[in-house]
Amino acid sequence: MTRHHDVSPIVERIASLYKNRNIKILEIGCGDGINLVELNKLGFKELYAIDKDPEKIKIAKEKSPTTNFSTLNALDMDFEDDFFDVIFHSLVGIFMNSDEREKLTASIFKYLKPQGYYLFEEILRDDNKKEASLKVHPYTSSELDKLTNYFEEISRENAYRIVNGRKVDGGVIFIGKKRKICSKPFI
Ligand SMILES: C[S@@+](CC[C@H](N)C(=O)[O-])C[C@H]1O[C@@H](n2cnc3c(N)ncnc32)[C@H](O)[C@@H]1O
């Protein structure tokens, strides 16, 4: 598959998880909408996306007119329970602190169908290095560990992205399948 370099590598993962292109997919923090354009090219039709920045939503709507967009903060989402087959975000959670991320994951868990997939591509903190920048909050290993109680068939891999022609290291791709039954709430 040829893909635009700035497209998140998790788009490919979604395409390989599902042959069925009629599944419902939500992107949180879609930015300019490049991931949605790519998903659309791959045949996915039921696309939903939110971003808190109305300017981004405007640009994304022009690029991907068939996607259902909302200008919305991820922490204020209000969808039906068990609605989406796939929920994903890429380079969005790093702009939240860990309490906000817990809230985000709890709502993703609620809106995802049992056995639906949660994918994200974010930056993972290197525990051996001091945090260089306070502008973003890299994920910690213990945060990822907590997800294992709620998602099964988990895979975690290191990743990098090409952003504006530059290779950005330190990425992590998380893929988890929502457990059918979970004994306790996420938070
Ligand atoms: C670095 S861009 C990533 C865009 C896109 N996901 C991608 O992979 O190219 C981060 C986007 O997340 C959005 N964002 C950050 N925090 C958000 C929040 N709490 N709720 C909704 N969108 C958020 C920003 O407005 C921005 O468009």
When the stretch 161-170 is checked residue by residue, the ones that are surrounded by 13 or more Cβ atoms within 10 Å (Cβ to Cβ) and free of Cβ contacts under 8 Å to residues at least 60 places away in the same chain are 168, 170
Would you tally the residues in the stretch 165-187 being under 21 Å from residue 124 (Cβ atoms), out of contact with any Phe, Trp or Tyr (no Cβ under 6 Å at 6 or more places or on another chain) and not β-branched (Val, Ile, Thr)?
2
From the list 102, 80, 46, 38, which one is among the charged types (D, E, K, R) and either within 13 Å of the ligand (Cβ to nearest atom) or closer than 27 Å to residue 162 by Cβ (or both)?
38
Keeping to the stretch 24-52, report how many residues are among the aliphatic types (A, V, I, L, M) and out of contact with any strand residue (DSSP E or B) (no Cβ under 8 Å at 6 or more places or on another chain).
3
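Taking the stretch 134-165 only, how many residues are within 14 Å of the ligand (Cβ to nearest atom) and at pLDDT below 90?
Total meeting the criteria: 8.
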Could you check, for the stretch 73-88, whether at least one of its residues is β-branched (Val, Ile, Thr), touching a residue at least 12 places away in the same chain (Cβ under 8 Å) and not in a helix (DSSP H, G or I)?
yes
Considering the stretch 51-74 alone, what residues qualify as being in contact with a helix residue (DSSP H, G or I) (Cβ under 6 Å, 6 or more places away or on another chain) and over 21 Å from residue 14 (Cβ atoms)?
71
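May I ask you to list the residues in the stretch 83-99 that are more than 13 Å from the ligand (Cβ to nearest atom) and surrounded by 15 or more Cβ atoms within 10 Å (Cβ to Cβ)?
If the condition is that a residue be more than 13 Å from the ligand (Cβ to nearest atom) and surrounded by 15 or more Cβ atoms within 10 Å (Cβ to Cβ), then 83, 84, 85, 86 are the ones that fit.
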Which of the residues belonging to the stretch 96-106 are over 13 Å from the mean Cα position of the chain (by Cα) and touching a residue at least 12 places away in the same chain (Cβ under 8 Å)?
96, 97, 98, 100, 102, 103, 106
Hey, can you tell me all the residues within the stretch 20-35 that are more than 9 Å from the ligand (Cβ to nearest atom), surrounded by 15 or more Cβ atoms within 10 Å (Cβ to Cβ) and not aliphatic (A, V, I, L, M)?
24
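The values are calculated or read from the model by the stated rules, or taken from the named source; none is laboratory data. Being a predicted model, the structure only gives us computed values, none of them experimental. Positions of Cβ are generated from backbone atoms using ideal geometry, with glycine treated the same way; all protein chains shown enter the neighbour counts.
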